[in-house]
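Structure first, then comments.
The values are calculated or read from the model by the stated rules, or taken from the named source; none is laboratory data. Being a predicted model, the structure only gives us computed values, none of them experimental. With ideal geometry, Cβ positions are generated from the backbone for all residues, glycine too; neighbour counts draw on all protein chains shown. The area values use the complete protein model at the heavy-atom level, side chains included, leaving out ligands, DNA and RNA. Shrake-Rupley method; radii C 1.70, N 1.55, O 1.52, S 1.80 Å.
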Amino acid sequence: MDRVEAQDERRRQMRERVIASGFVRTSDLAEEFGISLMTAHRDLDALQAQGWLRKVRGGATGLPSAQFHGSVAERMATMAATKQQLARAAATLLVPGQTVLLDDSTTCLLLAHQTAGHTPLTVITNSLPAIATLAKEPGISLITLGGAYFPAYDAFMGLHTADAVRAFRADVLFMSTTAVINGRCYHTSPETVQVKRAMMESAARRVLVADHTKFTKDGLYALAPLTDFELLIVDDGLPAEQIRAVRAAGTEVKVVPQKP
(Lines give C-alpha, C1' and ligand atoms only; values in the text may rest on other atoms or scores of the structure.)
Protein backbone atom coordinates (compact mmCIF):
# COMPACT_ATOMS: atom_id res chain seq x y z
CA MET A 1 0.00 0.00 0.00
CA ASP A 2 1.51 3.33 -1.05
CA ARG A 3 1.33 6.60 0.91
CA VAL A 4 -1.85 7.87 -0.75
CA GLU A 5 -3.63 4.53 -0.34
CA ALA A 6 -2.57 4.38 3.31
CA GLN A 7 -3.91 7.91 3.87
CA ASP A 8 -7.23 7.10 2.20
CA GLU A 9 -7.62 3.94 4.27
CA ARG A 10 -6.79 5.79 7.49
CA ARG A 11 -9.36 8.48 6.71
CA ARG A 12 -11.95 5.85 5.89
CA GLN A 13 -11.38 4.19 9.26
CA MET A 14 -11.46 7.58 11.01
CA ARG A 15 -14.75 8.42 9.34
CA GLU A 16 -16.30 5.12 10.42
CA ARG A 17 -14.98 5.58 13.95
CA VAL A 18 -16.49 9.07 14.29
CA ILE A 19 -19.85 8.07 12.79
CA ALA A 20 -20.07 4.96 14.98
CA SER A 21 -19.09 6.78 18.18
CA GLY A 22 -20.87 10.09 17.60
CA PHE A 23 -17.86 12.03 18.92
CA VAL A 24 -14.13 11.27 18.98
CA ARG A 25 -11.29 13.42 20.32
CA THR A 26 -8.58 14.44 17.87
CA SER A 27 -5.90 13.38 20.35
CA ASP A 28 -7.43 9.90 20.60
CA LEU A 29 -7.42 9.55 16.81
CA ALA A 30 -3.80 10.63 16.64
CA GLU A 31 -2.85 8.03 19.25
CA GLU A 32 -4.99 5.27 17.73
CA PHE A 33 -3.56 5.71 14.23
CA GLY A 34 -0.01 6.53 15.28
CA ILE A 35 0.05 9.96 13.63
CA SER A 36 0.80 13.50 14.76
CA LEU A 37 -1.95 15.77 16.06
CA MET A 38 -1.42 18.02 13.02
CA THR A 39 -1.92 15.09 10.64
CA ALA A 40 -5.07 14.09 12.50
CA HIS A 41 -6.40 17.64 12.10
CA ARG A 42 -5.61 17.57 8.37
CA ASP A 43 -7.44 14.26 8.01
CA LEU A 44 -10.49 15.62 9.81
CA ASP A 45 -10.39 18.80 7.71
CA ALA A 46 -10.46 16.66 4.55
CA LEU A 47 -13.34 14.52 5.84
CA GLN A 48 -15.30 17.61 6.87
CA ALA A 49 -14.79 19.16 3.42
CA GLN A 50 -16.28 16.00 1.88
CA GLY A 51 -19.29 16.28 4.18
CA TRP A 52 -18.63 13.15 6.24
CA LEU A 53 -18.42 14.80 9.67
CA ARG A 54 -18.10 18.09 11.51
CA LYS A 55 -15.07 19.29 13.44
CA VAL A 56 -15.81 20.69 16.87
CA ARG A 57 -13.65 21.88 19.73
CA GLY A 58 -11.32 19.02 20.67
CA GLY A 59 -12.50 16.52 18.07
CA ALA A 60 -15.11 15.62 15.50
CA THR A 61 -18.75 14.56 15.52
CA GLY A 62 -20.94 12.56 13.18
CA LEU A 63 -24.16 13.55 14.92
CA PRO A 64 -26.70 15.55 12.86
CA SER A 65 -26.66 19.28 13.52
CA ALA A 66 -27.14 22.61 11.78
CA GLN A 67 -23.84 22.00 9.98
CA PHE A 68 -24.02 18.25 9.37
CA HIS A 69 -27.11 16.24 8.50
CA GLY A 70 -25.75 12.70 8.59
CA SER A 71 -24.58 10.24 5.96
CA VAL A 72 -26.64 9.10 2.97
CA ALA A 73 -27.35 5.78 4.69
CA GLU A 74 -28.62 7.55 7.81
CA ARG A 75 -30.83 9.86 5.76
CA MET A 76 -32.22 6.97 3.71
CA ALA A 77 -33.22 5.19 6.92
CA THR A 78 -34.86 8.28 8.45
CA MET A 79 -38.63 8.53 7.81
CA ALA A 80 -38.17 5.94 5.04
CA ALA A 81 -41.82 4.88 4.72
CA THR A 82 -43.04 8.48 4.75
CA LYS A 83 -40.49 9.52 2.13
CA GLN A 84 -41.72 6.67 -0.06
CA GLN A 85 -45.27 8.01 0.20
CA LEU A 86 -44.10 11.51 -0.65
CA ALA A 87 -42.17 10.22 -3.66
CA ARG A 88 -45.26 8.40 -4.94
CA ALA A 89 -47.31 11.59 -4.58
CA ALA A 90 -44.65 13.59 -6.43
CA ALA A 91 -44.59 11.01 -9.24
CA THR A 92 -48.26 11.69 -10.01
CA LEU A 93 -47.20 15.16 -11.17
CA LEU A 94 -44.86 13.79 -13.84
CA VAL A 95 -46.11 14.36 -17.37
CA PRO A 96 -44.66 12.48 -20.37
CA GLY A 97 -42.45 14.78 -22.42
CA GLN A 98 -41.36 16.94 -19.49
CA THR A 99 -37.83 17.97 -18.63
CA VAL A 100 -37.40 17.31 -14.91
CA LEU A 101 -34.72 18.50 -12.47
CA LEU A 102 -34.04 16.25 -9.47
CA ASP A 103 -31.81 17.30 -6.58
CA ASP A 104 -29.56 14.98 -4.57
CA SER A 105 -32.03 14.39 -1.71
CA THR A 106 -32.95 10.89 -0.60
CA THR A 107 -36.62 11.71 -1.16
CA CYS A 108 -35.95 12.60 -4.79
CA LEU A 109 -33.87 9.45 -5.16
CA LEU A 110 -37.03 7.53 -4.28
CA LEU A 111 -38.87 9.62 -6.87
CA ALA A 112 -36.29 8.53 -9.47
CA HIS A 113 -37.51 4.96 -8.87
CA GLN A 114 -41.09 6.06 -9.66
CA THR A 115 -40.58 7.31 -13.22
CA ALA A 116 -41.84 4.15 -14.97
CA GLY A 117 -45.24 4.80 -16.48
CA HIS A 118 -44.55 8.52 -16.89
CA THR A 119 -42.04 8.35 -19.74
CA PRO A 120 -40.72 9.73 -21.98
CA LEU A 121 -38.93 12.14 -19.66
CA THR A 122 -35.72 14.11 -19.78
CA VAL A 123 -34.19 14.09 -16.30
CA ILE A 124 -31.34 16.32 -15.14
CA THR A 125 -29.66 15.48 -11.82
CA ASN A 126 -26.47 15.75 -9.76
CA SER A 127 -27.27 12.67 -7.65
CA LEU A 128 -25.03 9.69 -8.40
CA PRO A 129 -27.53 7.06 -7.10
CA ALA A 130 -30.30 8.70 -9.15
CA ILE A 131 -28.05 8.64 -12.21
CA ALA A 132 -27.40 4.93 -11.71
CA THR A 133 -31.13 4.27 -11.31
CA LEU A 134 -32.32 6.36 -14.25
CA ALA A 135 -29.62 5.08 -16.62
CA LYS A 136 -31.40 1.71 -16.59
CA GLU A 137 -34.88 3.11 -17.25
CA PRO A 138 -36.24 2.94 -20.80
CA GLY A 139 -37.78 6.19 -21.96
CA ILE A 140 -35.48 8.37 -19.85
CA SER A 141 -33.15 10.86 -21.54
CA LEU A 142 -30.61 11.42 -18.79
CA ILE A 143 -28.48 14.54 -18.37
CA THR A 144 -25.88 14.36 -15.62
CA LEU A 145 -24.41 17.34 -13.81
CA GLY A 146 -20.70 17.14 -13.07
CA GLY A 147 -18.50 19.14 -10.73
CA ALA A 148 -16.77 18.26 -7.48
CA TYR A 149 -17.88 14.90 -6.12
CA PHE A 150 -18.88 14.87 -2.43
CA PRO A 151 -18.79 11.25 -1.20
CA ALA A 152 -20.86 11.98 1.92
CA TYR A 153 -23.71 13.25 -0.26
CA ASP A 154 -22.99 10.82 -3.13
CA ALA A 155 -23.53 13.78 -5.42
CA PHE A 156 -21.80 16.50 -7.40
CA MET A 157 -21.79 19.89 -5.71
CA GLY A 158 -20.32 23.37 -5.78
CA LEU A 159 -19.67 26.14 -8.28
CA HIS A 160 -19.05 23.99 -11.38
CA THR A 161 -22.21 21.97 -10.78
CA ALA A 162 -24.23 25.17 -10.34
CA ASP A 163 -22.79 26.53 -13.61
CA ALA A 164 -23.73 23.28 -15.36
CA VAL A 165 -27.33 23.59 -14.15
CA ARG A 166 -27.66 27.05 -15.70
CA ALA A 167 -27.07 25.62 -19.17
CA PHE A 168 -30.54 24.02 -19.04
CA ARG A 169 -34.20 24.94 -18.61
CA ALA A 170 -36.56 22.46 -16.95
CA ASP A 171 -40.34 22.28 -16.81
CA VAL A 172 -40.33 21.26 -13.15
CA LEU A 173 -37.90 20.90 -10.25
CA PHE A 174 -38.39 18.42 -7.44
CA MET A 175 -36.29 19.29 -4.40
CA SER A 176 -36.07 18.55 -0.70
CA THR A 177 -34.41 20.51 2.09
CA THR A 178 -32.59 19.91 5.36
CA ALA A 179 -34.71 22.27 7.45
CA VAL A 180 -37.60 24.71 7.24
CA ILE A 181 -37.45 27.47 9.84
CA ASN A 182 -39.93 30.37 9.99
CA GLY A 183 -40.98 29.81 6.39
CA ARG A 184 -37.46 29.57 4.97
CA CYS A 185 -35.46 26.54 3.75
CA TYR A 186 -31.95 25.90 5.12
CA HIS A 187 -29.09 23.53 4.33
CA THR A 188 -25.90 22.41 5.99
CA SER A 189 -23.36 23.32 3.30
CA PRO A 190 -22.83 26.35 1.02
CA GLU A 191 -22.04 24.03 -1.91
CA THR A 192 -25.53 22.51 -1.62
CA VAL A 193 -27.12 25.95 -1.55
CA GLN A 194 -25.18 27.00 -4.67
CA VAL A 195 -26.52 24.08 -6.69
CA LYS A 196 -30.09 24.21 -5.40
CA ARG A 197 -30.41 27.94 -6.07
CA ALA A 198 -29.23 27.35 -9.63
CA MET A 199 -31.80 24.58 -9.99
CA MET A 200 -34.56 26.87 -8.76
CA GLU A 201 -33.53 29.55 -11.27
CA SER A 202 -33.57 26.99 -14.08
CA ALA A 203 -37.06 25.55 -13.52
CA ALA A 204 -40.43 26.89 -14.65
CA ARG A 205 -42.15 25.21 -11.68
CA ARG A 206 -40.59 24.40 -8.30
CA VAL A 207 -41.90 21.63 -6.04
CA LEU A 208 -40.56 21.12 -2.51
CA VAL A 209 -40.95 17.57 -1.19
CA ALA A 210 -40.30 17.46 2.56
CA ASP A 211 -41.46 15.27 5.42
CA HIS A 212 -42.80 17.01 8.53
CA THR A 213 -39.62 16.46 10.57
CA LYS A 214 -37.82 18.99 8.34
CA PHE A 215 -39.94 21.65 10.06
CA THR A 216 -38.36 20.72 13.41
CA LYS A 217 -34.71 20.62 12.30
CA ASP A 218 -32.01 23.25 12.01
CA GLY A 219 -29.71 24.40 9.21
CA LEU A 220 -26.90 26.89 8.88
CA TYR A 221 -27.18 28.26 5.33
CA ALA A 222 -30.37 29.91 4.07
CA LEU A 223 -31.59 28.65 0.70
CA ALA A 224 -34.93 30.28 -0.12
CA PRO A 225 -38.32 31.13 1.37
CA LEU A 226 -41.14 28.62 0.96
CA THR A 227 -42.93 31.23 -1.13
CA ASP A 228 -40.36 30.59 -3.91
CA PHE A 229 -42.00 27.17 -4.41
CA GLU A 230 -45.29 26.76 -6.20
CA LEU A 231 -46.07 23.53 -4.34
CA LEU A 232 -45.10 21.87 -1.05
CA ILE A 233 -45.69 18.11 -0.77
CA VAL A 234 -45.65 17.15 2.91
CA ASP A 235 -47.04 14.36 5.07
CA ASP A 236 -49.91 14.75 7.51
CA GLY A 237 -47.52 14.90 10.46
CA LEU A 238 -47.15 18.63 9.88
CA PRO A 239 -49.52 20.52 12.23
CA ALA A 240 -52.61 22.00 10.58
CA GLU A 241 -51.73 25.54 11.66
CA GLN A 242 -48.39 25.34 9.83
CA ILE A 243 -50.10 24.02 6.71
CA ARG A 244 -52.55 26.94 6.85
CA ALA A 245 -49.68 29.40 7.25
CA VAL A 246 -47.88 28.04 4.17
CA ARG A 247 -51.07 28.24 2.11
CA ALA A 248 -51.84 31.73 3.36
CA ALA A 249 -48.39 32.87 2.21
CA GLY A 250 -49.20 31.73 -1.32
CA THR A 251 -47.70 28.25 -1.71
CA GLU A 252 -50.01 25.37 -2.59
CA VAL A 253 -49.78 22.40 -0.19
CA LYS A 254 -50.44 18.75 -0.99
CA VAL A 255 -50.82 16.74 2.24
CA VAL A 256 -49.96 13.05 1.97
CA PRO A 257 -51.03 10.45 4.59
CA GLN A 258 -48.03 8.87 6.30
CA LYS A 259 -49.67 5.46 5.92
CA PRO A 260 -51.23 4.35 2.62
**Q.** Net lengthening on full extension, R184/E241 (0.36 nm per residue, minus Cα-Cα)
**A.** 18.9 nm
Q: For the chain, just the Cα atoms, rotate onto the principal axes and tell me the three extents in Å, largest first.
A: 57, 41, 32
Q: Could you check which residue among R57, R184, R25 shows the biggest mean-square fluctuation in a GNM of the chain with a 10 Å Cα cutoff?
A: R57
Q: Would you kindly derive the ³J(HN,Hα) couplings of segment 125-142 from the backbone phi angles with the Karplus curve 6.51 cos²θ - 1.76 cosθ + 1.60 (θ = phi - 60°), listing them in order in whole Hz, with x for Gly and Pro?
A: 8, 10, 8, 5, x, 5, 4, 4, 5, 6, 4, 8, 8, x, x, 9, 8, 9
Q) What percent do you get for the relative contact order of segment 1-60 when only Cα pairs under 8 Å and 6+ apart count? A) 36
Q | segment 112-122 - phi-based ³J(HN,Hα) in whole Hz, Karplus 6.51/-1.76/1.60, Gly and Pro as x | A | 4, 7, 9, 7, 4, x, 10, 7, x, 9, 9
Q | Surface accessible to a 1.4 Å probe, per residue, for the residues of the chain, Å² | A | 45
Q) Within the accessible area of the chain, what % is carbon and sulfur when the probe is 1.4 Å and the other protein chains stay in place? A) 52
Q. What are the extents of the Cα atoms of segment 3-62 along their three principal axes, listed from largest to smallest and rounded to whole Å?
A. 27, 21, 18
Q.
Can you give me the distance in nm between label points at R57 and H41, each placed 7 Å from the Cα along the Cα-to-Cβ direction?
A. 1.6
Q. Working out 0.36 nm times the residue gap between E5 and I143, then minus their Cα-Cα distance, what length gain in nm do you get to one decimal?
A. 46.5 nm
Q. Nearest 0.05, what FRET efficiency do R25 and A49 give at R0 = 22 Å with Cβ-Cβ as r?
A. 0.65
Q.
If each residue of separation counts as 0.36 nm, what is the full-extension length gain between A248 and R169 once their alpha-carbon separation is subtracted?
A. 25.5 nm
(Q) Among 154-167, 245-258, 214-227, how do they line up by average Cβ neighbours within 10 Å per residue, starting with the highest? (A) 154-167, 214-227, 245-258
Q. Using only the Cα atoms of segment 112-260, what do you get for the radius of gyration and for Dmax, in Å?
A. 15.6, 42
(Q) How far apart, in nanometres, would the label points at R205 and R88 be if each is projected 7 angstrom from Cα along the Cα-to-Cβ direction? (A) 2.1
